[in-house]
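Beneath this line is the structure, given in structure tokens, with notes to follow.
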Amino acid sequence: MGKIALLIPRAEVLYQAHNILQEKKYAIDEMRVIHTEDSVVEARKSIADGANIIIARGLQASLIKQYTDIPVVEIVITAQEMALLVTRAKQIIKKEVPVIAVVGFKNMFCDMSYFNDIYGIEFRTYFAKGSAELKAAAETAIADGVDLVIGGDTAVAVASEHKVSSLFLSTTEDSLRNAFSVAESMNYAMGVEKRNNAQMETLMDYSFSGVVKMDQNGRITVVNRIMEDIMECDGKTLIGKPVIEVFHDVDEGKLKEVLWHGLESYAVFMQYNKTSLYAILAPITVENRVDGAILSCHKMQKKTPVAQEVLKQRYQQGLIARGRFGDIVQLSKTMQDTVYMAKLYSQSNRPILIVGETGTERRLLAQSIHNNSIRSDEPFVMISCDGLAGENQKELIFGDQGSAVVAGKGTLLIQEVDKLSLDNQYSLFQLIRYKIRRQSLHAELRVIATSKVSLEGLVEKGVFLEDLYYVLNGLTILVPPLRERREDLKKIIQTCVKSTCDTYSRYQTLTEGAMNILLNYPWKGNLLQVESFCERLILMVQKRNIDEAAVKKLLKELYPTEGTEKQAGMQSGEKPQSGYQYQSQEAIRLIEALQEFSGNRQQTAKKLGISTATLWRHMKKYGIQEQSE
């Protein structure tokens, strides 16, 4: 427990304090009478002697609070004490409704709002901000014609000079007891906080993980020694900085959910100083209110440094992944979730399957995963299986100078893995599962595969190896098409239009109607289609403001059949079959299964290998209505 000091302006208050301390209920370590002009100096003396709480009154309390950092408990005159003074004043004045003035400092008094009604008086208050104003306040009260003045020495002296009745602002032991009780409660709370902080410091200093503590605004307040070692800096240089400025991989949206809404926890893989970190962000909750958060980081693997000459050679050979997660437009919640999943998977050594339509960010995600992994300094090799015969695929991937050899300890991206022949599917399975490449061991490679279609349907048809499917399907990322990401689509359109205008020195803009047409278009080719359309639009349309008529005209010219089936179905009142054409592959699979069993959810869920609750959530996610059984 800390020390408590009582600093007061009058000796009689000191006598009252001694009487109270005889009861042995309170522990006051120091008691002194001080002059107001010396308040700050005397308070600093007490602080130097170990006081951590000061009890004071009136102007002295205000000055100590203003010029020191120590907690100050103010002695406030109680309602009972003021009632005694008012009763004595009425006895002196002997008027039916006497006018009574109180002169002093506001922080000395209790709430006296209802004294007029309770005691049948006209009660007026004249509060001064400093000792120099006390005399003027008393003179104002007398000029206002009050019958009696209640106040300290200055107010009583002014009243006597003008021959106006007065009462000295005396107190009983009640106000002191209240102040002592508050001071002891505060002292106890401060002691508990010190113990908790000491325990926290010990836990942080002897933790095997790097730990960063932040306040409820996301600013760093504490950094432990392990984190200093990881970051190779003095933790003091980070104090006060926003955590997202220091750790760029922490998602700002997730951080706000933790700090503002008490999200239970948020996990993320991060890279710092070429060290892989697994980080968990959790809220600090006090009485159901979030008071900050803890970011704890567990060191995983450290990248092996690669010579600059080697990196330069890989760059020249095109064995470098250029894309990063920051390059992906992810304003929509669905794409934010996709990128979050990709970041988590990036730290795994297991293969990853990325499924998405033509023109989605499959390749960019693969590059970002590689650059966010401990393999980022290793080769990144891309190949496409589409259009290649089985023998060509075999030589390209598994040959003596094939991609599996060139990739070394890096990443091999196999695009359109569904186009692999069955023989090569088996070889790929051997490579991933048993690290075998043409009878030799090749243990360091990590594979990322992409596909436009669901591999599960190909397994059922017997054209895709079941073993390879289960090896790839463990870490699957579904890339949502642009039509399901309205916020992303709008941003991409705006970027494409601006970029094209800059390239050709044009100054064109889209009207609101034109933008709405583009936002409601299906865009089967996703990014590829949007980019090429926007360039054609800027080149062909000569208007300064491109309206919806111009957009419709060009869409019809470039894609005469696209979208018409959807519109025709909707006009005839049918439920559009565009689920197959415009929805994600997962949605298509759900629709097909539901139709197969006439909407029976139990049978559909059994076929898909999921629970009926999961099926219902997926139906709700993709807006699939129940079929009639």
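For Ile53, nonlocal amide neighbours, meaning residues 5 or more places apart or on other chains whose placed amide H falls under 5 Å from its own, are Lys3, Ala5. Computed over Cα pairs, the Kirkwood radius of the stretch 444-526 leads via Stokes-Einstein (1.567 mPa s, 4 °C) to a diffusion coefficient of 80 µm² per second.
Can you tell me the mean projection area, over all orientations, of the convex hull of the chain's alpha carbons? Units nm², please.
Numbers: hull surface 185.5 nm².
Convex hull of Cα atoms, orientation-averaged projection: 46.4 nm².
Arranged from fewest to most other beta-carbon atoms within 10 Å of their beta carbon, His370, His35 become His35, His370.
By the Cβ rule of 4.7 Å, the chain holds the following cysteines without a possible disulfide partner: Cys110, Cys233, Cys297, Cys385, Cys501. Counted by Cβ distance under 9 Å from Tyr266, the other residues give a net charge of -2, where Lys and Arg count +1 and Asp and Glu count -1. Exposed loop sites are taken as chymotrypsin sites (Phe, Trp or Tyr not before Pro) in a DSSP loop (any state but H, G, I, E or B) with at most 13 other beta carbon atoms within 10 Å; the longest stretch of the chain without one runs 209-506. Give the residues of the stretch 164-178 whose amide nitrogen is closer than 18 Å to a point set 7 Å from the Cα of Met31 in the direction of its Cβ. Label zone hits: 170-178. As a rough footprinting exposure proxy, the listed residues Leu558, Leu295 were ranked by other beta carbons within 10 Å of their own, and the order from fewest upward is Leu558, Leu295. DSSP bridge analysis restricted to the chain gives an antiparallel fraction near 40%, rounded to the nearest 5.
How do Val479, Val286 rank when sorted from fewest to most other Cβ atoms within 10 Å of their own Cβ?
Details: Val479 24, Val286 9.
Neighbour counts put them in this order, fewest first: Val286, Val479.
Only helical DSSP H runs with n ≥ 4 go in: add -39500 (n - 2.57) per run for the chain, normalise by residue count and round the 222 nm mean residue ellipticity to 500 deg cm²/dmol. Don't skip to the answer; put the middle values down first.
Working: 28 runs with 291 residues, N = 629.
Value at 222 nm, helices only, nearest 500: -14000 deg cm²/dmol.
Loop only by DSSP, 13 or fewer other Cβ within 10 Å of the Cβ. Give me the GluC sites (Glu not before Pro) in the stretch 93-147 that pass, ordered by residue number. Could you put the intermediate results ahead of the total?
Values: sites: Glu96, Glu122, Glu133, Glu139; in loops: Glu96.
The qualifying sites are Glu96.
Working note: Cα atoms of the stretch 482-571, range along each principal axis, descending, whole Å: 41, 24, 21. If you wrap the tightest convex hull around every Cα atom of the stretch 98-169 and split its volume per residue, you get 79 Å³.
Considering every alpha-carbon pair of the stretch 7-96, the percent of pairs per 5 Å bin, from zero through the bin containing the longest distance, is 2, 12, 20, 20, 17, 11, 7, 5, 3, 1, 0. Normalised by residue number, the volume inside the convex hull of the Cα atoms of the stretch 308-478 is 116 Å³ per residue.
Values in this text are rule-based calculations from the coordinates and carry no lab data. What you are looking at is a predicted structure, and each value in this text was computed from that prediction instead of being measured. Using ideal geometry, Cβ is built from the backbone for each residue, glycine included, and neighbour counts are taken over all protein chains shown.
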